[in-house]
Every structure is written in structure tokens, then in C-alpha cells.
Amino acid sequence: MFKLKPATMTRFRVQLPMHLMLLPCVIPVLIFSYYPMVGIVIAFERFFPNRGFFHSPFVGFKNFEYVLNLPNTYQVLWNTVFISAMKIVAGIVVPVLFSILLDLVRSSRVRRTVQTIVYMPYFLSWVILSGILIDVLSPNSGVVNQLIKMLGMEPVFFLANEKLFPFVLVVTDTWKNFGYGTVIFLAAIAGIAPSLYESSWIDGANRFQQAIHITLPGMLPIVALIATLSLGDVLNAGFDQVFNLYSPVVYRTGDILDTLVYRVGLLNSQYGVAAAIGLFKSVVSIIFIGTAYWLSGRFLEYRVF
Amino acid sequence: MKAGLLAVFLFSVAIGMAWAGPAAEEGPAAAPVAAPDDIWARYDPPVTVTSVFSLSAFIEDALNQKPDVMEDNVWTRGYRDDLGIEIDLLWTVPSAQYDEKLSIAIAANDLPDVIPTNAIQFKLLVDSGVAMDITNLFEAYASPLTRQMQELDNQVSISQATVDGKLYALPLIYGNVDNSQLLWIRADWLEALDMEAPTTIDELVQLAEAFVNDDPDGNGEDDTLGLGLVKDLFSTGFADLNGFFEAFGAYPGGWLEDSSGNLMYGDIQPEMKTALTKVAEMFEAGLIDQEFVVKDGGKVAEGTTNGNIGTVFGQHWIPFWPLQDGKNRNTNADWRPFPLPSATGSPTKTMLGGSANRYYVLNSEMQNPEAAVKLLNYFIQKYSSLYSPDYELKYIGSTGTGETNIDEYWEYGVIQSWQPNENIVFWDLTKKYLDTGDEQYAENSLIKQFSVDIGAYHEGEDVYWSTYAWIGPQGPYSVIDGYFKNGQTIQNAYVKANTPSMTERGPALSQLRAEMFTKIITGAESPDTFDEYVATWKRLGGDDITAEVNAVQ
């Protein structure tokens, strides 16, 4: 038997009400986030819902073999990583730059107005946005191609061009979401101590120098946090977006794991296969998050726990 | 997909696990069922049958006026008084959410006695042993009229509900006459250009050229297209290419019998290549929307509504959506159905597919399963206005006229089955009633309703156009009736549930088809790559599927 040190006991007693207050949140998390993890076992079964986990036939790694033997799996995996990696980079670089630039604007009214406007597309669903984008990017009548034509160039069919399609995904996704990132980064900037700016101003730094030497380093922990969290998404290339924008002519570069799961697993009720791909994604995600968390702890001294 | 379909799925499955009791590995073997003395015998004391119910817009509206209408309506009263069967609905849900709700109930294994399912859920319940083998039960209890309906349906829906020679559900007969493909054209454009509806594919191409170049809408702008097309290419029922391909004797997704009686898949026949080549030519010539690869049905519908598109292939229902929207906007838009043109010199045959619209699966734990067959017999007896001596108007009801009570309507039936060819007959009766005014043709209240609506349309109320265009004398059924009279139909030779290889290889193969065909049409690949496609299709599992289909057959 070991005995808790008196100091620990006291701390525990002091903190007990806090722990109790946390309980209502912890219980749903256990029920809704941890308990369903038992469902992972589906990935190794030929799953029949009414028989449940315990009575569905166990098939070992058959579901994984099946996925690996599909003709396009490797291409799809590459597409997924390529698209989401570009999205992650753009999804950090763009809002960071934008929030620094926005912070340089003196008028707070302009700042707030711009912030609200760029935030708006975030609230639209891809179902709606895809309809708009198909019109905007139309080679015949779309605004973008009207501009291209005015510059004397040939119109481009963005959504049916194998080479361009992944980049269209990245650009439109960044456009939709960077307002959200901007809000977070502006909050980070607001948290930087004003005294730093004041003293640098006394030392003769201009606003641009302040941005480079004070704002950017001051934001870094939050940037690291966001980057770490988004690394977990490296196999999530954005189902809603791709599903609503892709077409057979861009399958080769635009088909991603989630759309494959949708077609193979859900449309055909192959739940075991869908779960196998899901499990694979989760394993890759946890490796990435773990590595990034370790790296940010080691080099940026950022830790959650 | 941040949270992820998968997360939702795992969650629902977890619930399933929580409630899943011990489950049978296989459905119990069917015991022989002795023929009853009287299949109409009333239960005394009454028995209770549980089920679940999908609420149509009509019933949701009725619930507002009479909250207990699901427990007390013309059908539940009939079941109780005539059959001694009480209905207990475990839950009801608006029809748009029904499939999802039922999938969750299946995952939770919380199922009623009678489970109305779609084709995929049906297969799942059979594979997992929930569905009762009702071969002998149906044989013993089906009424003469029920059997007659199966014959009128050519046993198609019964065969769809049969797996490995055993019947696992009571199918709702929908009638596959409605699978027929038609060519829809703006007749006002034809008239403006002084042209006739095409009877050959060459004439169709000429018509498309004229629609593109000769300004059929007379607005002086170059804004019209030759042929509307959705990116899915096939089987959407609106602006797809099924009708076009059928003109070449090519049947996408269909199974055909070769000369020695073996089944072969339509997608890989040489006729497909000829048809694809023609579509590619039309695309090249600018007769098809150069951006169709990104347009789904909703986007193409904008074209028919705005008056940019004057020709589409489609099924009988498209007057309701989306053509009515075009009529509302432009009263001159005069869409009419025409028989499919032909590219081969002989009359085009349209393919008829499955006929079952819903599958009533009986839970293997159900007590008194024969009660379900009785419910089906009863529905057919009371509903089949064209065939049954016991047919009563109050069981069908009449929508919209206010003459009948809100709780007297066919949709309340717990197990339904329709008359296989009823839309053709309705069309015929409506035409006769409109021609002669003879009341004997309007005994069925629907006929009267149709003629009232059509009259309103002729008085200038465009909102009734869709009824006129759907069931009116020159409507799609005049064309479909012609198909049947002239032998211009062909039955899809395989309409049963997916074979194992279809489930496993199907997604990859349909992706292959979509990719190849779209590229050939847009000119990214030459039509000769079709031969390569056929070889790949066979290699990626197509040969296995063909073998399995022939084994089942």
C-alpha cells in the first residue's frame, strides 16, 4: 500500500469540486466518444447489424486486403495526402498572413468589417457553394473565365481538368475557411502584451518591423497548436467538397479515401470495408498527431498536459 | 468530412450493439404450411401485428386535422372488423427520413413484425437471417386476386423478393411499365422551326443542330442546346442517355440473353461503342452542353426551366419535375413525349427493369405470419379498382376534391401492392371519359380528378399542366401503350438482388464505366478505347459477375 503525500491529498480535496463539475462533460465523452470505439472490431468482420459485434463472422484482415486490391487504392491514397497536405499548408499560411496584415490596419471599423466579410463563406455548406462554384468557374459564362478571356487567354474548364482539379479544391477550400482561421489568429494577436509594442515603438521600430519581430513570434504557439491539430486531418481531404465538385473526368486526381468509402462501403452496405478504411485513417492520424505534438513540445515548448 | 460519416455510423452501430440480443445464425427452415380452409377467416380473438410507417405529405397534413388518423382510418377499421387484425405502429416518420430511420432500427435490431424495406435493406435482412422464408406461407394464403396480380406483373417483383429459390418478402408491385424511356421535345420549338419529331437518330442529330443554330425560342440570342445531359449519363430518369442508347440496341446496366440463352451484360456489348461514338460526335459538334460533366439533374433542370434546353430523354414522370417549373415560367413551353427514335432501322425496344418498389419483410420472430399475407390480400381486394369486385372507393379516397373524408385514403394501407399496369389503364379511362363524358369510365375517383385537373389546364391554369402532360390523351402513356402494342419492350433478364461479386466489384466497375464513357464522350479518349474498357471490365471482376448471374438464373 502506498500513501498519498499530505500535500497531494490537500490539493485533491481542494480540487474535488472542480473535478465534480467536469463530470457531466466527461460522462458524455465516455459514452459518445470512447464507448463507440468498440465498433473498431467491425473492421475485422463481415458485419451484419442485427447480429451485432459478437455474432458477425470474423474475417481477419480480409477487408483490408479487399481495399488494397481495389484497382485505384494507391492513386486515391496519394490524392488524399496530396490534397489535404496542400490544404493544411494553405489553411495556415493564408490566415496567418491575412491576420497580420489586418492587424496593421489602423481603423478598427474597417478591421471588423473585413473580418466579418471573410468569415461569411465559412457558414455556407458545400452543397450550396458547389452550385455557386460550378457557375462561377464555368468556361462559358463564369466570372473567372470572363476575366481570363478579357486578358486574351483561352478559357479554362477548371472543374473538368485533371491537372487543375486538386488546386481548385485547395483554393476554394482556403477561400471558404480562412476567415475562421483569421478569427483565431487575431485573438492570438490580441493576447500579445501591448507593452512590447510600446517599448519597440520607443526604440524606433516601425509597424512592419513590429509585425515581423513581435506579432509573428507572439502568435507562434497558437500557430503550432493549429498546425498540430490539423496534421490529424492529413487523410481527411474534405468529403463534402470533393463529393459535390468531382466528376468522372477528374476521378484520377480528385477521388479521395472518403469518397471511395462512400461508394464502396455505404452505397453497397459493406460496413466492414468502410470501418477498415476508417480505422486505417485513424491510425495514421494518431501517428501524425502524436509526432507533431512531441515535436511542438520539444521545440516550441507547447504542451496541453 | 470532419466528424465523418464513419463516426456517425460507428455510433449508430454502437447503439446497435448495446441492444442487440442473441441473434439467430440462419433463419429457421420453412416448415410446410397446410392450406387453410378459409384464407379470409377472421381472427377471434383479434391478433396484433406490429409495423412501422413512412408518412407521406398527405398523411402529415391529415395528422394535423385528425391526430389519431394513423390508429383510426378506413384501413385499420377494415383490418379490425373484417380480418380481426389490430395494427400497432412502433414508430412513424416523414417519408424523406424513412430509409435512414429504418437503417438505424435495423442496426439496433429493434424491428417490428412487418418491415417495409428498400432493395438494399431487404438483402441485408435476408443475409443476416432476420427475414422469414415465406415461400410456403405465401403459397398457402395468397388469394386468387393476389396471384392474378403476380401474373399481370409477369412474376417480376416476386422474383426480386426471392433469394436462392426462397421467397423472403411480400413485394409491393409497382409495375415496370413505368421504366419505359421516352424522348421529350418542346413542341413549340418544333413548330417554330417547322420540323417534325425525329424517328431516327440522324433526324435527332439534325433536330439538335436546328435547336442549337436556328434560334428556336426566337429571342435572337445564341442560348439554346441540342440535347440535355446529366453528368451521371445513365439511369436518372431525366436527361440521361438510356433512351438514346436503346435506339442503338444498347442497354446500359441491363442483362440480355444471347442466342444460347446465357446472360450477358449490356455495358460491354459492341452496340455501346456505336452509341458512344455518336454521342461523342454530338458533343464535338457542340450539340450537347460542353460543361455537362459537372451538371447534375438539378443543374440540367435549370436549363429546361430557363428555356435553354428543348430535348431530353426521360421517363413518364418528368412533367411533375422539372418540366412544370418551365411551364410556370413560360406558358408557351410545350413539352411532349415521343417514341424513341431508332438508329438500327428496326423499331427501338425500351428496357423494362424490376417491378418491386418496396419489400415487406416478415420478421422471423413474428407470431401469426399468415396475418401479413391476409393484410396483403385485403389491400389488393379493396384497392384494385380495375380487377376486384370488392373494390370500394372509400379505401382509395379522392385527393383534393374534399368529397371524401381525410381518413379514407389508400396510403394508410399497412401492406400495399398496386396494379401493375394501372397508369396505362388510368390514361385509357381518362381519355375515354374526356372523349365521351360517359360516367361509367369515371367510377374510379382518380379518373374524375384527372379530368377536372385537365379541364382546369385547358381553361388556362398552367399549374395543372403537369397532370395534363402526364396522364392526358397525348401524354407519355399514349407512347408507352404503343410500345406494348408493337412489342417494343425488352425485359431486363436479371433484376434480383446483387450477387456477392456485384457488391464487391460493382463500385470499381461503375467508376471505370463513368470515367471511360465520360472521357470518350468529351473526346479526351478515342471511341476505340471502348475495347480496352471491355477487357478491363472483364479482368476487374466482370467475368465473375457474369458467371454468378448465370448461375443464379
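The values are calculated or read from the model by the stated rules, or taken from the named source; none is laboratory data. Since the model is a prediction, treat every value here as computed from it, not as a measurement. Positions of Cβ are backbone-derived with ideal geometry, glycine not excepted, and every protein chain shown enters the neighbour counts.
Would you check if there is a residue in region B:441-458 being assigned to a loop (DSSP other than H, G, I, E, B) and closer than 28 Å to B:Lys327 by Cβ? Can you show your working first?
Narrowing region B:441-458 to residues assigned to a loop (DSSP other than H, G, I, E, B): B:443-444.
If we keep only those that are closer than 28 Å to B:Lys327 by Cβ as well, we get B:444.
Taking every residue of region B:441-458 in turn, at least one turns out to be assigned to a loop (DSSP other than H, G, I, E, B) and closer than 28 Å to B:Lys327 by Cβ.
Matching residues to (1) in contact with a helix residue (DSSP H, G or I) (Cβ under 9 Å, 6 or more places away or on another chain); (2) not in a loop (DSSP other than H, G, I, E, B):
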residue: A:Lys149; (1), (2): no, yes
residue: A:Leu159; (1), (2): yes, yes
residue: A:Glu162; (1), (2): yes, no
residue: A:Thr172; (1), (2): yes, yes
residue: A:Thr182; (1), (2): yes, yes
residue: A:Phe185; (1), (2): yes, yes
residue: A:Ile192; (1), (2): yes, no
residue: A:Leu196; (1), (2): yes, yes
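Could you list all residues from region A:70-99 that are under 14 Å from A:Leu257 (Cβ atoms), among the aliphatic types (A, V, I, L, M) and outside any loop (DSSP other than H, G, I, E, B)?
Correct list: A:Val76, A:Leu77, A:Val81, A:Ile83, A:Ala85.
Being in the same structural domain as B:Gln269 (by TED's automatic domain parsing) and either in a loop (DSSP other than H, G, I, E, B) or touching a strand residue (DSSP E or B) at 6+ places or on another chain (Cβ under 8 Å) (or both) narrows it down to one residue among B:Glu525, B:Glu504, B:Glu548, B:Glu532; which is it? Can you show your working first?
On the way: B:Glu504 fails: either in a loop (DSSP other than H, G, I, E, B) or touching a strand residue (DSSP E or B) at 6+ places or on another chain (Cβ under 8 Å) (or both); B:Glu548 fails: either in a loop (DSSP other than H, G, I, E, B) or touching a strand residue (DSSP E or B) at 6+ places or on another chain (Cβ under 8 Å) (or both); B:Glu532 fails: either in a loop (DSSP other than H, G, I, E, B) or touching a strand residue (DSSP E or B) at 6+ places or on another chain (Cβ under 8 Å) (or both).
Going through B:Glu525, B:Glu504, B:Glu548, B:Glu532 in turn, the sole match is B:Glu525.
Tell me which helices (runs of 4 or more DSSP H) are completely within region B:228-342 and hold 3 or more residues being surrounded by fewer than 20 Cβ atoms within 10 Å (Cβ to Cβ), or say none if there are none. Steps first, answer last, please.
Working: elements: B:242-246, B:270-284, B:297-306, B:324-329.
Helices (runs of 4 or more DSSP H) meeting the threshold: B:270-284, B:297-306, B:324-329.
Of everything in region A:128-179, what is among the β-branched types (Val, Ile, Thr) and either surrounded by fewer than 16 Cβ atoms within 10 Å (Cβ to Cβ) or more than 10 Å from chain B (Cβ to nearest Cβ) (or both)? Give them in sequence order.
If we filter region A:128-179 for residues that are among the β-branched types (Val, Ile, Thr), which is where we start, we get A:128, A:132, A:134, A:136, A:143-144, A:148, A:156, A:168, A:170-172, A:174.
Within region A:128-179, A:Ile128, A:Ile132, A:Val136, A:Val143, A:Val144, A:Ile148, A:Val156, A:Val168, A:Val170, A:Val171, A:Thr172, A:Thr174 qualify.
Report the residue count in region B:118-157 for those that are within 22 Å of the chain's Cα centre (by Cα), touching a residue at least 60 places away in the same chain (Cβ under 8 Å), away from every other protein chain (no Cβ under 14 Å) and not in a loop (DSSP other than H, G, I, E, B).
Summing the residues that are within 22 Å of the chain's Cα centre (by Cα), touching a residue at least 60 places away in the same chain (Cβ under 8 Å), away from every other protein chain (no Cβ under 14 Å) and not in a loop (DSSP other than H, G, I, E, B) in region B:118-157 gives 6.
Working carefully through the options B:Gln206, B:Gln181, find the one that is touching a helix residue (DSSP H, G or I) at 6+ places or on another chain (Cβ under 7 Å) and polar (S, T, N, Q).
Working: B:Gln206 fails: touching a helix residue (DSSP H, G or I) at 6+ places or on another chain (Cβ under 7 Å).
The conditions single out B:Gln181.
Whether any residue in region B:44-51 is touching a Lys or Arg at 6+ places or on another chain (Cβ under 8 Å) and among the charged types (D, E, K, R) is what I want to check.
Step one: list which residues in region B:44-51 are touching a Lys or Arg at 6+ places or on another chain (Cβ under 8 Å), which gives B:46.
Within this subset, residues satisfying the condition of being among the charged types (D, E, K, R) are none.
Within region B:44-51, none of the residues are touching a Lys or Arg at 6+ places or on another chain (Cβ under 8 Å) and among the charged types (D, E, K, R).
Being under 24 Å from B:Lys295 (Cα atoms) and either within 14 Å of chain B (Cβ to nearest Cβ) or crowded, with 20+ Cβ neighbours inside 10 Å (or both), is that true of even one residue in region A:195-215? Quick ask: steps written out before the conclusion?
Step one: list which residues in region A:195-215 are under 24 Å from B:Lys295 (Cα atoms), which gives none.
No, every residue in region A:195-215 fails to be under 24 Å from B:Lys295 (Cα atoms) and either within 14 Å of chain B (Cβ to nearest Cβ) or crowded, with 20+ Cβ neighbours inside 10 Å (or both).
So in region B:429-477, with the set limited to residues that are surrounded by fewer than 18 Cβ atoms within 10 Å (Cβ to Cβ) and within 26 Å of the chain's Cα centre (by Cα), which one is farthest from B:Phe338 (Cα to Cα)?
B:Val463
Find the residue count for region B:389-419, including only residues that are out of contact with any Phe, Trp or Tyr (no Cβ under 8 Å at 6 or more places or on another chain), part of a loop (DSSP other than H, G, I, E, B) and either at pLDDT 90 or above or not β-branched (Val, Ile, Thr) (or both). Even if it seems obvious, please write down each step before you answer.
Filtering region B:389-419 down to residues out of contact with any Phe, Trp or Tyr (no Cβ under 8 Å at 6 or more places or on another chain) leaves B:389-390, B:392-394, B:398, B:400-407.
Now restrict to residues that are part of a loop (DSSP other than H, G, I, E, B): B:389-390, B:392, B:398, B:400-407.
Pick out the ones that are also either at pLDDT 90 or above or not β-branched (Val, Ile, Thr) (or both) and you get B:389-390, B:392, B:398, B:400, B:402-403, B:405, B:407.
The total comes to 9.
Kindly indicate which of A:Leu129, A:Leu102 is out of contact with any strand residue (DSSP E or B) (no Cβ under 9 Å at 6 or more places or on another chain), in a helix (DSSP H, G or I) and under 24 Å from A:Thr253 (Cα atoms).
Being out of contact with any strand residue (DSSP E or B) (no Cβ under 9 Å at 6 or more places or on another chain), in a helix (DSSP H, G or I) and under 24 Å from A:Thr253 (Cα atoms) holds for just one of A:Leu129, A:Leu102, which is A:Leu129.
(1) modelled with pLDDT under 90; (2) in a helix (DSSP H, G or I); (3) facing chain B (nearest Cβ under 9 Å): which one isn't true of A:Phe32, the others all being true?
(1)
I'd like to check something: does region B:8-31 contain any residue that is of a type in the set (Asp, Glu), part of a loop (DSSP other than H, G, I, E, B) and at pLDDT below 85?
We begin by selecting, within region B:8-31, every residue of a type in the set (Asp, Glu); these are B:25-26.
Subsequent filtering for residues that are part of a loop (DSSP other than H, G, I, E, B) retains B:25-26.
With at pLDDT below 85 added as a condition, the list becomes B:25-26.
Checked against the condition, which is being of a type in the set (Asp, Glu), part of a loop (DSSP other than H, G, I, E, B) and at pLDDT below 85, region B:8-31 yields at least one hit.
Would it be correct to say that A:Gly218 is assigned to a helix (DSSP H, G or I) and crowded, with 20+ Cβ neighbours inside 10 Å? Break it down stepwise before answering.
Numbers: assigned to a helix (DSSP H, G or I): yes; crowded, with 20+ Cβ neighbours inside 10 Å: no.
Considered against the rule, which asks whether it is assigned to a helix (DSSP H, G or I) and crowded, with 20+ Cβ neighbours inside 10 Å, A:Gly218 comes out as no.
Kindly indicate the residue of region A:233-254 that is at the interface with chain B (Cβ under 7 Å from one of its Cβ atoms) and part of a helix (DSSP H, G or I) and also surrounded by the fewest Cβ atoms within 10 Å (Cβ to Cβ) among those meeting that condition.
Within region A:233-254, the match that is surrounded by the fewest Cβ atoms within 10 Å (Cβ to Cβ) is A:Asp240.
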